[in-house]
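This report concerns only the one structure given below.
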Amino acid sequence: MKRLLPILLTLGVVSLGMVAAQQLPPGQIMPRPAEGRQPEFPQPGIREYHPRSTLVVPEHKVPKAKFPVIDFHHHPPRSMTVQDVNEVGDAMAPLNLGLMINANATSSDRLKPAMDAIAASRYKGKMVMFTGLDLRNVGPGSGQKIAAQLEADIKAGALGVGELMKSFGLTIKKADGTRLHIDDPELDPVWETAARLKIPVFMHTADPAEFFQPLDYNNERWLELAIYPDRRYQDRSRFPSFEELMAERDRLIARHPNTIWVLAHMGWHANDLARLGKIFDAHPNVYGELGAVLYDIGRQPHTAHDFFVKYQDRIIFGKDSFQPDEYPYYWRVFETNDEYFDYYRDYHAFWKLYGIGLPDTVLKKIYYANALRITPNLPRAGFPAN
Ligand SMILES: [Zn+2]
């Protein structure tokens with residue numbers, strides 16, 4: 001009995017653990033003594049509980065980037081008046097932003113007015129235009145037509161294509177009413193024209209994988225999905241799955257090895273950098289842009305640091321929504337080894353960030369050198385030669 005007792009106890013704990021495992025939070029291996037005991041006070045809602053961190057560690061705020069930065073993913077106001085450009089420009093110098101790429105998918109007819117506004121502003125040469133593609137109602141012959149328009153837009157002064165918005169693949173319909181697949185061969189002439197002109201194609205595909213997953217309490221983006229109905233893509237009768245979209249994108253990339261593809265938001269693989277690494281390894285023509293995924297970079301400082309060093313020629317800075325006070329969070333994550341500091345948007349991430357402490361050589365590449373290398377005709381003034 002003496003020898004049997006510990007065995008029985010062990011079995012008991014194991015079976016209890018297995019039964020309870022389904023209800024336990026991730027990482028908790030057995031019920032704690034207080035299991036089942038309820039808090040004596042009303043429980044806070046998900047947006048009310050903000051515990052003060054008592055951690056005391058060195059802090060290095062970085063209001064201004066260490067090197068001048070090109071923002072590859074900039075969305076100024078669509079009106080693009082001279083005043084709009086001046087307001088963006090006024091915010092740039094204090095952050096060390098040297099050049100903004102207007103990725104508003106500007107239509108051909110609005111390109112010239114936008115370039116005129118930039119030229120008439122106090123920040124001439126500090127903002128450049130990418131052009132948008134009208135991918136609605138694609139049918140036989142559309143590819144050639146869009147390709148011709150693209151060539152005309154580049155001749156008129158646009159320096160790249162973008163941003164191809166997430167609606168491409170997710171919602172845009174063809175003339176026959178079916179969903180326009182990202183790898184629809186009708187569009188091949190467009191991507192081959194971009195390759196011939198040596199201009200980058202800046203493409204946003206899908207959205208975070210969790211937006212396509214059931215909206216339950218295990219969904220990492222529950223709060224965001226609860227706030228924004230238009231980010232819910234669970235309905236398979238209306239939306240393709242995340243993996244379908246990724247497969248279409250990957251086939252497109254593979255079919256156009258001479259086109260320079262810049263995947264917005266790191267292709268939504270910042271939470272799985274090994275997956276992005278495989279894409280980079282297989283396709284030397286693919287780049288990743290950092291907009292709006294800082295919460296994923298900053299929660300894996302070791303993995304992200306090593307990834308950025310390994311793929312330092314393939315990563316490009318971009319911010320997405322223009323909020324000048326948010327850029328310093330990016331600088332702090334890239335430039336310091338600070339630990340456990342706050343992020344700025346609770347519905348993206350309820351966790352803290354860590355710095356990934358990149359060396360200067362890598363910082364220069366992701367801040368400006370990679371963008372300059374893949375985008376001919378970007379203004380080079382103000383960017384160090386090496
Ligand atoms: Zn964007």
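The values are calculated or read from the model by the stated rules, or taken from the named source; none is laboratory data. All values derive from a computational prediction rather than experimental measurement. All Cβ positions, even for glycine, are placed from backbone atoms using ideal geometry, and neighbour counts span all protein chains on display. Keep in mind that these areas ignore ligands, DNA and RNA; they rest on the heavy atoms of the full protein, side chains included. Shrake-Rupley method; radii C 1.70, N 1.55, O 1.52, S 1.80 Å.
Structure values in brief
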quantity	calculated
Accessible solvent surface per residue of the range 231-386, calculated while the other protein chains remain in place, 1.4 angstrom probe, Å²	40
Translational D in µm²/s for the range 223-312 (Stokes-Einstein at 37 °C, 0.692 mPa s, Kirkwood Rh from C-alpha pairs)	225
Carbon + sulfur, % of accessible area of the chain - ligands and nucleic acids excluded, 1.4 Å	56
Given charges at beta-carbon only (K, R positive; D, E negative), |dipole| of the chain in Debye	460
Alpha-carbon radius of gyration plus Dmax, which is the widest Cα pair, for the range 269-386 in Å	14.2, 41
Sequence-separation-based contact order of the range 276-386, relative, with Cα cut under 8 Å and 6+ spacing, percent	29
Average accessible surface area per residue within the range 36-126, 1.4 Å rolling probe, Å²	63
Local net charge near Asp281, Cβ-Cβ under 12 Å (Lys/Arg +1, Asp/Glu -1)	+4
Summed residue charge, Cβ within 12 Å of Leu197's Cβ, Lys/Arg positive, Asp/Glu negative	0
Exposure rank, largest accessible area first [Glu210, Glu192; 1.4 Å]	Glu192, Glu210
Violating pairs (Cα-Cα greater than 20 angstrom) within the set Lys278/Lys310; Lys278/Lys364; Lys198/Lys278; Lys66/Lys364	Lys278/Lys364; Lys198/Lys278
Dipole axis of the chain (+1 Lys, Arg; -1 Asp, Glu on Cβ), positive-most option in Asn285, Ala147, Leu223	Asn285
Angle in degrees between helix 242-255 and the longest Cα principal axis of the chain, rounded to the nearest 10	40
Mean Cα-pair separation over length for the chain, i.e. relative contact order, pairs under 8 Å, 6 or more apart, %	17
Degrees separating the helix 82-95 axis from the principal Cα axis of the chain, which is the longest one	50
From the C-alpha gyration tensor of the range 155-293, square roots of 5λ in Å	27, 18, 14
Stokes-Einstein D (µm²/s) once Rh is taken as the Kirkwood radius of the chain over alpha-carbon pairs, at 10 °C in 1.306 mPa s	69
Convex hull projection area averaged over all views, the range 116-193, Cα basis, nm²	5.7
Long-range HN-HN contacts of Ala105 with modeled amide H, under 5 Å	Gly162, Glu163
Net charge dipole size for the range 227-340 [Lys, Arg +1 and Asp, Glu -1 on Cβ; Debye, nearest 20]	420
Estimated [θ] at 222 nm from DSSP helical runs (n ≥ 4, -39500 (n - 2.57)) normalised by residues in the chain, nearest 500	-10000 deg cm²/dmol
Largest-first principal axis extents, alpha carbons of the range 97-148, Å	44, 20, 15
Peptides 311-323, 76-88, 158-170 ordered by average Cβ neighbours within 10 Å, highest first	158-170, 311-323, 76-88
For the range 292-308, 3J(HN,Hα) per residue [Karplus equation, 6.51 cos²θ - 1.76 cosθ + 1.60, θ = phi - 60°, Hz, x = Gly/Pro]	6, 10, 4, 5, 7, 4, x, 9, 9, x, 6, 4, 5, 4, 5, 5, 5
Bridge type composition, the chain - antiparallel percent by DSSP, nearest 5	10
